[in-house]
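The values are calculated or read from the model by the stated rules, or taken from the named source; none is laboratory data. None of the values given here were measured: they were computed from a predicted structure. Counting neighbours? That spans all protein chains shown, and the Cβs are built from the backbone with ideal geometry, glycine included. Just so you know, the surface numbers come from the protein's heavy atoms only, side chains and all, with ligands and any DNA or RNA stripped out. Shrake-Rupley method; radii C 1.70, N 1.55, O 1.52, S 1.80 Å.
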Amino acid sequence: VPLFEAIMNSMQSIEETKDLQDKYINIKIERDNYRIGDFVSGIFAIEITDNGIGFTEHNYESFCTSDSDYKVEIGGKGVGRINWLKAFELVQVNSTYVENNKTYNRSFDFSIDNEIHNEELKEVDNTNIQTKIKLIDLKQEFREATEVSLKEIASKIIEHFATYFVIGAMPQISIS
């Protein structure tokens, strides 16, 4: 569920860019360090990168607002980030975006204990517009359920977002 929430957020962010040509979502799975034979160890962290609109001031304010109604007209309930913290100990966000003809980088961490912290916003010359969401330290109670192959994870993504794939609304998506 946290991965599906992050993918949906990426899709909505990409949708907001309108004229973007090469739309992408890249997913990196980090596993626990142990491995025995062909055994697939559980997930430790997931990093989701997209080239959508990013954490603009309005999007950041919405993120900081519990039960935000910002995306209500497109089915959003404003609680997806809570699902992230139900399963993961920490979320790190790093977003480079354009607003008012200037490029900014916004980064922050998010956890249950410290809520939003380590916030940083700066103007940058970087033209690599992208947002990375890293879900870190999957709670032990969920690790065993993630002892599945990348192929199985990809199949679950296709199954969950089947409608988007069928109508051609899914950006290029890769998983490694």
Treating only Lys and Arg (+1) and Asp and Glu (-1) as charged, each at its beta carbon, one finds that the chain has a dipole about its Cα centre, in Debye to the nearest 20, of 420 debye
Can you tell me the accessible area per residue over the chain, all protein chains present, probe 1.4 angstrom, in square angstrom? 59 Å²
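What net charge is computed for the residues neighbouring residue 90, neighbours being all others with C-beta under 15 Å from the C-beta of residue 90, Lys and Arg scored +1, Asp and Glu -1?
For residues surrounding residue 90, the net value is -3.
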DSSP beta bridges in the chain [antiparallel fraction, %, rounded to 5]: 90 percent
Provide the per-residue ³J(HN,Hα) series for the stretch 158-174, in order, calculated from phi with Karplus coefficients 6.51, -1.76, 1.60 and θ = phi - 60°, each as a whole number of Hz, with x at glycine and proline positions. 4, 4, 5, 9, 3, 4, 5, 5, 5, 8, x, 8, 7, x, 4, 10, 10
Using just the helices of the chain, give the 222 nm mean residue ellipticity in deg cm²/dmol: DSSP H runs with n ≥ 4 each add -39,500 (n - 2.57), and the total is spread over all residues, rounded to 500. -8000 deg cm²/dmol
Near the amide H of residue 148, under 5 Å away, which other amide H atoms are found, from residues 5 or more places off or on another chain, if H is placed in the peptide plane? none
Charge dipole of the chain built from unit charges on the beta carbon (Lys, Arg +1; Asp, Glu -1), centred at mean Cα; most positive-end Cα among 148, 103, 33 is 148
What FRET efficiency comes out for residue 160 versus residue 125 if R0 is 30 angstrom and r is the Cβ-Cβ distance? Round to the nearest 0.05. 0.20
Could you give each residue of the stretch 122-131 its phi-based ³J(HN,Hα) in whole Hz, using Karplus coefficients 6.51, -1.76, 1.60 with θ = phi - 60°, and x for Gly or Pro? 8, 7, 9, 8, 4, 9, 7, 6, 6, 10
If the reach is capped at under 28 angstrom between alpha carbons, list the lysines near residue 102, excluding any in the same chain fewer than eight residues apart. 18, 23, 71, 122, 132, 134
Residues whose modelled amide H sits under 5 Å from the amide H of residue 53, counting only those 5 or more places away in sequence or on another chain, are 14, 16, 17
